[in-house]
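One structure is given below, encoded as structure tokens.
The values are calculated or read from the model by the stated rules, or taken from the named source; none is laboratory data. A quick note: this is a predicted structure, and the numbers were derived from the prediction, not measured. Cβ placement follows ideal geometry from the backbone for every residue including glycine, while neighbour counts extend to all protein chains displayed.
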Amino acid sequence: MLALSQTSKANYHPKVHDHYEKPRNVGLMDKNDPNVGTGLVGAPACGDVMRLQIKVDDNGTIIDAKFKTFGCGSAIASSSYASELIKGLGIDEAKNIKNTAIAKELCLPPVKLHCSMLAEDAIKSAIEDYKRKKLLAL
Amino acid sequence: MPSNSRTFKVTHSAVNAKFSTITPHFKAGETASKTPKDCPKLLTMNCWSCDSPIKRSAIFCQSSYCKTIQPIDPTKSYFDVLTGSKKIQNYAQMQSTWLNKAYDTLKNPLSRAKYILKLKSKDIKEEDKATDNDFLFLIMDLHEQIESSSGDDKSIVQVKNIIKDLISEKTANLSLLFAQNNVNEFYNKTIELQYLYRLMNSI
């Protein structure tokens, strides 16, 4: 992962910086696994892309999450934190996570709020993908 | 001048076309008997484009419907422009900054497309969503290829060529959509171009 330059480092909150330096749950799951839901979202204004995947057990609990984000520090931190947040939650609980919870935890400035929205969309999109797969399997 | 050149139409070659059609074309200074100060004709010229009489020092035609950029007065020295009043210097600075910004914005396909969207009041906003999923998969895949090929020049060149081809393709699409005035598709293609430029910048 590229190191942030000194100047941009100074602009990030320590919590963002921590997730950026040590991102949690980076990786890839098999998107063809029926228990895996894949959410892929992008930010048209800046060109960032984010993939969030969830593994759900038979009780509807998210037992694992993986993400991969190509974007700014705040986008990486938002998806890293989101992946931590949803682990252990039921899909219906995870669906209700709001971007404000992510933005608050990471102390995102207003210009970076859209990064937390991207993470919220990624969670929703992963859950939808999982549900769609389950419906198709019926 | 054909009527369509009165408005500032943005096309891919607009900048070049606009500048290349400017040829020095002064119609002043016929009377030798009068001193320059006495002769109002010497202080004016005719716009090369619409023929309206305008001040020799004008950078743009002063006619309200024409406003075309004017050639540089060859009788003027740098001192005339830059050692004039503070006000003149400021305006000269503003004109050149503005023109440079215009040139930089229009020469790059992405910033040009974004500027066109702004003119059409359809700017890409931070909170905008969408883009079709297959395209996002492609972008994600190319990002991962770049990441995993770090150090391997051969595969980087391959990915770079794929991105370059896609950029050319989208730019050509944008030209066509602009000609068709298809703003919604123009918006979608501009977003795709944004993702591609982002990819290119990450190499």
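Please determine, by comparing only the residues of the stretch A:105-119 that are surrounded by 15 or more Cβ atoms within 10 Å (Cβ to Cβ) and away from chain B (no Cβ under 11 Å), which one is nearest to A:Lys15 (Cα to Cα).
A:Leu106
Just a yes or no: is a residue in the stretch B:128-139 more than 24 Å from B:Asn108 (Cα to Cα) and touching a helix residue (DSSP H, G or I) at 6+ places or on another chain (Cβ under 6 Å)?
No, there is no match, as no residue in the stretch B:128-139 is more than 24 Å from B:Asn108 (Cα to Cα) and touching a helix residue (DSSP H, G or I) at 6+ places or on another chain (Cβ under 6 Å).
Which one of the conditions (1) surrounded by 15 or more Cβ atoms within 10 Å (Cβ to Cβ); (2) away from chain A (no Cβ under 12 Å) does B:Asn181 fail to meet, given that it meets all the rest?
Failing condition for B:Asn181: (1).
Are any residues in the stretch B:118-161 of a type in the set (A, V, I, L, M, F, W, C) and either in a loop (DSSP other than H, G, I, E, B) or at the interface with another protein chain (Cβ under 7 Å from one of its Cβ atoms) (or both), and if so, which ones?
If the condition is that a residue be of a type in the set (A, V, I, L, M, F, W, C) and either in a loop (DSSP other than H, G, I, E, B) or at the interface with another protein chain (Cβ under 7 Å from one of its Cβ atoms) (or both), then B:Ile124, B:Ala130, B:Leu136, B:Phe137, B:Ile139, B:Met140 are the ones that fit.
Of a type outside the set (D, E, K, R), more than 14 Å from chain B (Cβ to nearest Cβ), crowded, with 18+ Cβ neighbours inside 10 Å and in contact with a helix residue (DSSP H, G or I) (Cβ under 8 Å, 6 or more places away or on another chain): is that true of A:Ile102 in this structure? Break it down stepwise before answering.
Numbers: of a type outside the set (D, E, K, R): yes; more than 14 Å from chain B (Cβ to nearest Cβ): yes; crowded, with 18+ Cβ neighbours inside 10 Å: yes; in contact with a helix residue (DSSP H, G or I) (Cβ under 8 Å, 6 or more places away or on another chain): yes.
Criteria met by A:Ile102.
Just to verify a result, which residue in the stretch A:41-91, among those that are on the phi > 0 side of the Ramachandran plot and either more than 14 Å from chain B (Cβ to nearest Cβ) or in a strand (DSSP E or B) (or both), is surrounded by the fewest Cβ atoms within 10 Å (Cβ to Cβ)?
So the residue we want is A:Gly88.
Going by the conditions given, is A:Leu28 assigned to a helix (DSSP H, G or I) and touching a strand residue (DSSP E or B) at 6+ places or on another chain (Cβ under 9 Å)? Don't jump to the end; show me each part of the working.
Numbers: assigned to a helix (DSSP H, G or I): no; touching a strand residue (DSSP E or B) at 6+ places or on another chain (Cβ under 9 Å): yes.
No.
B:Thr171: more than 9 Å from every other protein chain (Cβ to nearest Cβ) and β-branched (Val, Ile, Thr), yes or no? Full working, then the answer.
Numbers: more than 9 Å from every other protein chain (Cβ to nearest Cβ): yes; β-branched (Val, Ile, Thr): yes.
Yes, satisfied.
Any idea which residue in the stretch B:47-72 is nearest to the chain's Cα centre (by Cα), counting only those that are charged (D, E, K, R) and in a loop (DSSP other than H, G, I, E, B)?
Among them, the one singled out is B:Lys67.
Please specify each residue of the stretch B:95-122 satisfying the condition of being at pLDDT below 90 and not small (Gly, Ala, Ser).
Across the stretch B:95-122, the qualifying residue is only B:Gln95.
Could you please find all residues in the stretch B:175-203 being hydrophobic (A, V, I, L, M, F, W, C), under 19 Å from B:Leu136 (Cα atoms) and part of a helix (DSSP H, G or I)?
B:Phe186, B:Ile191, B:Leu193, B:Leu196, B:Leu199, B:Met200
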